[in-house]
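Engineer: Please see the structure below; I have some questions.
Please treat every number below as a calculation from the coordinates, not as lab data. As the structure is a computational prediction, the values presented were derived from the model and not from experiment. Cβ coordinates were reconstructed from backbone atoms using ideal geometry, including for glycine residues, and neighbour counts include every protein chain displayed.
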Amino acid sequence: MKFKLGRKSYLALTIGGWFLFIGFAIFKIDEVKTRPIISELIVSAFLVQLSVMNFIWNWYKRQRPTLLDWFRLSTFLAVVYSYFKLIDKFDGKIDWVYGSQYFDRFYILPSLLVVLCGLSTLFISENLLRYIIKKRESIRNFSNTSYEIRSKAVFYPIVFIVLGIQAYLLISGKVGYGAKAEDATGAFSFVQQIFLSLSTFIFSALAIFKYSLNEKSRTLNFTFYFYFACQILLGLLSGMKGNVIYTFVIVLIPFLFSGRIVPKKYIIMAVIPALLLYPLMDNYRDTLRDFPKLSKEKSFGLALGKTFGTELTSNISAGGDKYTSRMEMFPALLTSVELEPQWKEYKDMTRYIYIPVSFFPRVIIPGKPIADTGEKLNYMISGLTGSSQTPTTFGWAYLEGGYTYVVLSFLIFAIFICFLEFKIGADSLLGLLIYISLIVTLFVVEHDIYFILSKILQNLVVYYFFYKLLFREKQKVKT
């Protein structure tokens, strides 16, 4: 699999995509008789252009998608495509996370307009900022700058200390599925967040040294493979599918950036394990809930036995269905638009004043917003506690107070991300470390913009400090 998109592939994807959309629209206009959907389809055509088509265009023109393009692609898959699948089902009950229920069709078009406001703001802002922000000249890149570990006697002990702390946090139940809310939002939660961020930083650095810098050191290569295996294992024990998937994404980015290609046979071979991951994690979570006193290792063993004791084709089919339903987020967005007048948490973007100081621990700034909005929204919808719900990034922005706040929050979002991309880039060790962190964050269209920016800012502080502590650069001598 090559990372660059050729002209023929670009034309095939673009023309083929629009033919599919036009054919789909004509068919649905004729099929859906209970409500006028032409206005919905007109808006959705703009959404297709501003999401997946923009992704394809930048991939072709700029040789790789921009950072915001990954957010656009996720938006298309989780929101726009979800609407397409449900367009003819709003007359009856729709299955979603809270079971089967009716949705008010009045809020369909307003929900699509929320997404249009957000994507339009990103598009206009990104293109204006491309000219306003002077892009950093690549005086330092992997072709003319070499990087090295400052002190191996310091670096490798830190690597294994951080890995050990990450394992302790997981095994002790302070992070991962089933972790208590106070562990994630307590006064000293910043300590565990630093170590989790540092673990990603170290793993990304090892992958960059191996693939982008072609480091041949046996010690570094052994450490990379060992850390890689541990991240997969810890990701599985966390009960979070995303942790396992992100582990491979972190490795894949420097691998592709180095000019390497992924053989098609490996892509095909990865499909079945990816599909089995969902039923395995579901069985593991069920075991953790049913046997709370059982250790994570034993619970995972029981989940493995239950998963592979079931017929393989049944698991594969269930995994595919689960991934599909997991990406259907339009009902959650529609619900947030309907509930906005009743939502009283964090209105009018007043909490955004905390973003510049969000990396300070809560013991210093006790008034910092707490990441419990998902639980509160879940309680508003279902009356139940112990779980959380996201209305997508667009829904969170709308809950601030309507369309105006969607535009304002996405404007801040675009400025923040574009500044990092245009001024830092991905052509240096620090730049690529930050780039990997941003892609992992932006490929999910579930989080609130406030918490997205707060997390990125916290990562920037950690990354810059440990980059200066652990690595150094030196110009290559031209011969």
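Engineer: Using the Cα centre of the chain as origin and beta-carbon charges of +1 (Lys, Arg) and -1 (Asp, Glu), tell me which of 86, 256, 22 is placed farthest towards the positive end of the dipole.
Structural biologist: Projecting each Cα onto the dipole axis, the largest value belongs to 256.
Engineer: Something else now. Order the peptides 398-406, 147-155 from the highest to the lowest mean number of other Cβ atoms within 10 Å of their residues.
Structural biologist: Put in order of decreasing packing, that is 398-406, 147-155.
Engineer: What are the lysines whose alpha-carbon lies under 20 Å from the alpha-carbon of residue 322, with same-chain residues fewer than 8 places away excluded?
Structural biologist: Cross-link targets: 85, 89, 93, 241, 306.
Engineer: Also: Return the label of the correct value of volume of the Cα convex hull per residue in Å³, as calculated from the structure shown, out of (i) 145; (ii) 170; (iii) 191.
Structural biologist: Computing volume of the Cα convex hull per residue in Å³ and matching it to (i) 145; (ii) 170; (iii) 191 gives (ii).
Engineer: Further question on the same structure: I'd like the Karplus ³J(HN,Hα) series for the stretch 349-357: coefficients 6.51, -1.76, 1.60, θ = phi - 60°, whole numbers in Hz, and an x wherever there's a Gly or Pro.
Structural biologist: 6, 5, 6, 5, 5, 7, 4, x, 10
Engineer: Starting with the highest mean, order 35-45, 334-344, 71-81 by the number of other Cβ atoms within 10 Å, averaged over the residues of each peptide.
Structural biologist: In decreasing order of mean packing, 35-45, 334-344, 71-81 become 71-81, 334-344, 35-45.
Engineer: Can you list the chymotrypsin sites (Phe, Trp or Tyr not before Pro) in the stretch 187-288 that are in a DSSP coil and have 16 or fewer other beta carbons within 10 angstrom?
Structural biologist: 188
Engineer: Treating only the Cβ atoms of Lys and Arg (+1) and Asp and Glu (-1) as charged, compute the dipole magnitude of the chain about its Cα centre; round to the nearest 20 debye.
Structural biologist: Taking the Cα centre of the chain as origin, the dipole is about 2140 debye.
Engineer: Same structure, new question: Amide H of residue 96 versus every other amide H placed in the peptide plane: which residues, excluding those fewer than 5 positions away on the same chain, fall under 5 Å?
Structural biologist: Sorted by chain and number, the residues that satisfy this are 101.
Engineer: Residues with beta-carbon under 15 Å from that of residue 346, excluding residue 346: net charge, scoring Lys, Arg +1 and Asp, Glu -1?
Structural biologist: Spelling it out: positives minus negatives among the neighbours equals -2.
Engineer: Tabulate in residue order the Karplus-calculated ³J(HN,Hα) for the stretch 434-444, using 6.51 cos²θ - 1.76 cosθ + 1.60 with θ = phi - 60°, rounded to whole Hz; enter x for Gly and Pro.
Structural biologist: 5, 4, 4, 4, 5, 4, 4, 6, 7, 7, 10
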